[in-house]
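The values are calculated or read from the model by the stated rules, or taken from the named source; none is laboratory data. This structure is a prediction, so every number in the text was calculated from the model and none was measured. Please note: Cβ atoms are built from the backbone with ideal geometry, for glycine as well, and neighbour counts cover all protein chains shown.
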Amino acid sequence: MTNPRPRIVVFSTGGTIASVRGDGGGAEPRLTGEELLSAVPALDTIADITAVRFRQVASQELTLADVIALAAAIDRAVAAGADATIVTQGTDTLEETAFALSLLWNGDAPAVMTGAMRNAALPGADGPANLLAAALVAASPAARGLGALVVFNDEVHLPVFVRKSHTTNPATFRSHLAGPIGWIVENRVRIALRPAARHHLGIAAPPDAVAPVALLKVTLGEDGRLLEALPERGFRGLVIEGTGGGHVPSAAVAPLARLARIMPVVLTSRTGAGELLRHTYGFPGSEIDLLRRGVIGGGMLDGPKARILLSLLLTGKADIGLIAKAFATIGSPNDGPPFIWRAEGGV
Ligand code: ASP
């Protein structure tokens, strides 16, 4: 970054980082972006920071349409001179919004996402420390070109790997498959690893055009009866979290195969870490069986992330061939060149 005093725009969306005790006694997202900034005077030593109130909600209220709008807002902020952006949001869905943003935002300016596990009224509130760490990373030349990042508890994570792994622990964000790519110590930012590829989906969709995709977790005795109902409920695609390396009970095979003939069906693992198998097991309902029946392998993506990718692709009107290619490259590092695609009207 050439500017000695970087300009950072903070988009606040609510979440625990912005929460204080509400009238009913429980925490509610009431603090504005300016109030978050004023709680951390040390931010002044890092950059010129301005706040934009993007949303003011708990993060399960956010939608994919919000993230598409957020990527456009980041684009405009950077075009207007921002060197980096920060997004503050609730932790519950941060792994999904961050992954979507990592696909939608393709500029060099870092887009750093953070939040808090302890709200501002609690002892040991972690929001101020996370915001400071996010600003340090956003202002760091080492973060340029990495796109969207998650900074939390003094660690830097790639959205494709990171998951919320604990209901209350401030060290909740974990990247089981690859680990964090960096850390912050005594205000120094360390980026120790860089991603193998940066993918991009150029999609600009009106909020009502986001394609609905169902996510179904396979459990003991699953017989597939929910699957039959999906088309009439308006879903345009399905992500299924199979057991282990990507398996379903034999009773669910026929309904799944029928579904795969009328909409894209992506298979992931419910384990939460590791890559989907491709050619290990051969029983009915195994990964070999399902992939042969036209189900698309999700690679290393977990269910929620595969759902984000499938929904974005369908929103951009990708055909089944392109969808399979996207999962083959975004889900499997080093298996192909970066996936770069502009949907009609996309940027
Ligand atoms: N329920 C909150 C949210 O996601 C939790 C948090 O921010 O940590 O908005």
Within segment 1-37, residues farther than 22 Å from I74 by Cα and away from the ligand (no atom under 16 Å from the Cβ) come out as D23
Residue pairs, Cβ under 6 Å, 6 or more apart or interchain, first in segment 112-129 and within 10 Å of N153 (Cα to Cα) and in contact (Cβ under 8 Å) with a residue 60 or more places away in the chain, second within 12 Å of the ligand (Cβ to nearest atom) and assigned to a helix (DSSP H, G or I). List them.
T114/N130; G115/I17; G115/L94; A116/T16; A116/I17; A116/G127; A116/N130; G127/I17
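Pull up segment 1-30, narrow it to residues that are crowded, with 22+ Cβ neighbours inside 10 Å and among the aliphatic types (A, V, I, L, M), then point me to the one that is nearest to V189 (Cα to Cα). Explain how you work it out, then say what you get.
Keep residues of segment 1-30 that are crowded, with 22+ Cβ neighbours inside 10 Å, which gives 8-10, 12-19, 29.
Then keep just the ones that are among the aliphatic types (A, V, I, L, M); that gives 8-10, 17-18.
Details: I8: 16, V9: 19, V10: 19, I17: 22, A18: 25 Å.
My answer is I8.
Would you check which residues across segment 72-116 are assigned to a loop (DSSP other than H, G, I, E, B) and more than 16 Å from the ligand (Cβ to nearest atom) and list them?
Step one: filter segment 72-116 for residues assigned to a loop (DSSP other than H, G, I, E, B), giving 80-83, 89-93, 105-110, 115-116.
Passing the criteria: A80, G81, A82, D83, W105, N106, G107, D108, A109, P110.
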Against the condition aliphatic (A, V, I, L, M) and either at positive phi or in a helix (DSSP H, G or I) (or both), how does L276 come out, does it pass?
no
Please determine whether any residue of segment 35-49 is within 22 Å of K164 (Cβ to Cβ) and under 22 Å from the mean Cα position of the chain (by Cα).
no
Does A69 fit the bill of being assigned to a helix (DSSP H, G or I), within 15 Å of the ligand (Cβ to nearest atom) and among the small types (G, A, S)?
no
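Taking strands (runs of 3 or more DSSP E) that do not extend beyond segment 184-238, which have at least 1 residues that are without any contact (Cβ under 8 Å) to a residue 60 or more places away in the chain?
Because the criterion is at least 1 residues that are without any contact (Cβ under 8 Å) to a residue 60 or more places away in the chain, the strands (runs of 3 or more DSSP E) in segment 184-238 that meet it are 188-191, 213-217.
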Among residues of segment 1-34, those that are farther than 16 Å from G90 by Cα and among the charged types (D, E, K, R), counted
4
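Select from segment 54-66 the residues that are polar (S, T, N, Q) and closer than 12 Å to E96 by Cα and write down the one among them that is farthest from the ligand (Cβ to nearest atom). Give the derivation first.
Of segment 54-66, the ones polar (S, T, N, Q) are 56, 59-60, 63.
With closer than 12 Å to E96 by Cα added as a condition, the list becomes 59-60, 63.
Values: S59: 3, Q60: 6, T63: 14 Å.
Here the answer is T63.
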Flagged in segment 219-241 as under 22 Å from the mean Cα position of the chain (by Cα) and farther than 24 Å from P159 by Cβ, in numbering order, are F235
Just name the residue that is surrounded by the fewest Cβ atoms within 10 Å (Cβ to Cβ) out of those in segment 87-129 that are within 18 Å of the chain's Cα centre (by Cα) and among the polar types (S, T, N, Q).
N106
Got at least one residue in segment 239-249 being loosely packed, with under 14 Cβ neighbours inside 10 Å and polar (S, T, N, Q)?
no
If I filter segment 131-140 for residues that are at pLDDT 95 or above, part of a loop (DSSP other than H, G, I, E, B) and surrounded by fewer than 21 Cβ atoms within 10 Å (Cβ to Cβ), do I get at least one hit?
no
Which pairs turn up if I take residues in segment 49-66 that are more than 18 Å from P206 (Cα to Cα) and look for partners that are of a type in the set (G, A, S) and more than 8 Å from the ligand (Cβ to nearest atom) with beta carbon separation below 7 Å, at least 6 apart in sequence or on another chain?
I49/A135; A51/S12; A51/G33; V52/G33; R53/S12; R53/G33
Of these, A229, A192, A143, A171, which one is crowded, with 17+ Cβ neighbours inside 10 Å and either under 23 Å from D302 (Cα atoms) or among the small types (G, A, S) (or both)?
A143
Would you mind finding the one in K325, K305 that is free of Cβ contacts under 8 Å to residues at least 40 places away in the same chain and either under 20 Å from the mean Cα position of the chain (by Cα) or loosely packed, with under 15 Cβ neighbours inside 10 Å (or both)?
K325
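Which residues, taken from segment 142-160, are in a loop (DSSP other than H, G, I, E, B), within 13 Å of the chain's Cα centre (by Cα) and over 16 Å from I184 (Cα atoms)? Steps first, please.
We begin by selecting, within segment 142-160, every residue in a loop (DSSP other than H, G, I, E, B); these are 144-147, 153-154, 158-160.
With the extra rule that they be within 13 Å of the chain's Cα centre (by Cα), the set shrinks to 147, 158-160.
Passing the criteria: G147, P159, V160.
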